[in-house]
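Comments concern the structure below.
The values are calculated or read from the model by the stated rules, or taken from the named source; none is laboratory data. For clarity, every value in this text was computed on a predicted model and none was experimentally measured. Virtual Cβ from ideal backbone geometry, glycine too; neighbours counted across all protein chains shown. Only protein heavy atoms, including side chains, enter the accessible area calculation; ligands, DNA and RNA are left aside. Shrake-Rupley method; radii C 1.70, N 1.55, O 1.52, S 1.80 Å.
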Amino acid sequence: MNQASSLESLMKKSNKSTAKFIAITSGKGGVGKSNISANLAFCLHKMGYKIGVFDADIGLANLDLIFGVKTDKNILHALKGQANFKEVIYEIRKGLYLIPGDSGEEILKYSASNMLNDFASDAEVWNLFDYVIVDTGAGISALTQAFLQASDYIIIVTTPEPSAKTDAYAMLKINAKFKDECMMIINMASSQAQIKQVFNTIQSVAQNNIPNLRLELLGGFEHNNAVKKSILQRKLICEVEPHNIFSITMQEIAKNLISKMEHNMLNTPQKSIGSFFRRLLGYL
């Protein structure tokens, strides 16, 4: 299917809603962040929302593999002028779209370019979505921080592994400089008790040292062989095994997230659709 014509057709039906950007990040790699991003996006889509997934993990972009989607162009092609911005938005299924990133760091050369400014200004593209999941890189690089600052909400993924907890706290401390709230997902735990213990430990340290920050637990996942199997098969577990405990938990996390965001929308002035990328440009 021609991506550009497909998108043009969808645009004509768009109600021009204002999307919210949800950054999913982690203090270190290997905590399952991208798999959580993809499955959360799928669950939000199944709830009836129009979802975009932006692979902002520059250098390790892999969401095309997780979704099992073949992409011949990505954001770098658009920034180079080798493709229209609409051509780098891939329809995974109706109402769920992927904006693939690049697996190299050449994209950093364009952080101050007119092409990136054009991308920020191409508001009609982003008006397609109710929510955009931004799968950032792990760690505290300047590029990752720019994506986090520009996003409306931040979700940090961590595991019970000591260095992962330490790095997650470091992410909280840095993000508290520009956000007064943050959400957390605990992954790869041995039990529900361990999920609570890990969160309570991080929350306690945060309350003592970052008093302005509100930290909320969205949920947690235990070790699950079915998840590993689905990743190897390049399938979303929430799609192929909707009754698996991982899938059920993810559905609850999606509901909790929507409830929180819709409550906040009642009390927060609406921002223009281009504001995410305009903020991003400013931080870069």
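Structure note, pairs K28/K173; K196/K260; K28/K73: Cα-Cα distances above 24 angstrom occur for K28/K73. In this view, the solvent-accessible surface of R234, computed with a 1.4 Å probe and all protein chains in place, comes to about 130 Å².
Every Cα-Cα pair of segment 42-92 was included, and the share exceeding 12 Å stands at 68 percent. Once the other residues with Cβ under 10 Å from the Cβ of A138 are scored (Lys, Arg +1; Asp, Glu -1), what is the net sum? So the environment of A138 carries a net charge of 0. Accessible area ranking (1.4 Å probe, heavy atoms, ligands and nucleic acids excluded), largest first, for T158, T249: T249, T158.
When the Cα centres of segment 163-225 and segment 28-59 are compared, how far apart do they sit, in Å? Here the two parts' Cα centres lie 19 Å apart. Relative contact order for segment 118-218: 26 percent, from Cα pairs under 8 Å spaced at least 6 residues apart, divided by residue count. Note on surface exposure: E181, E252 rank E252, E181 by accessible area, highest first, 1.4 Å probe.
Accessible area per residue (1.4 Å probe, heavy atoms of protein chains only) ranks S163, S190 as S190, S163, with the largest value leading. For the pair S163 and N264, the difference between a 0.36 nm per residue extended length and the Cα-Cα distance amounts to 33.1 nm.
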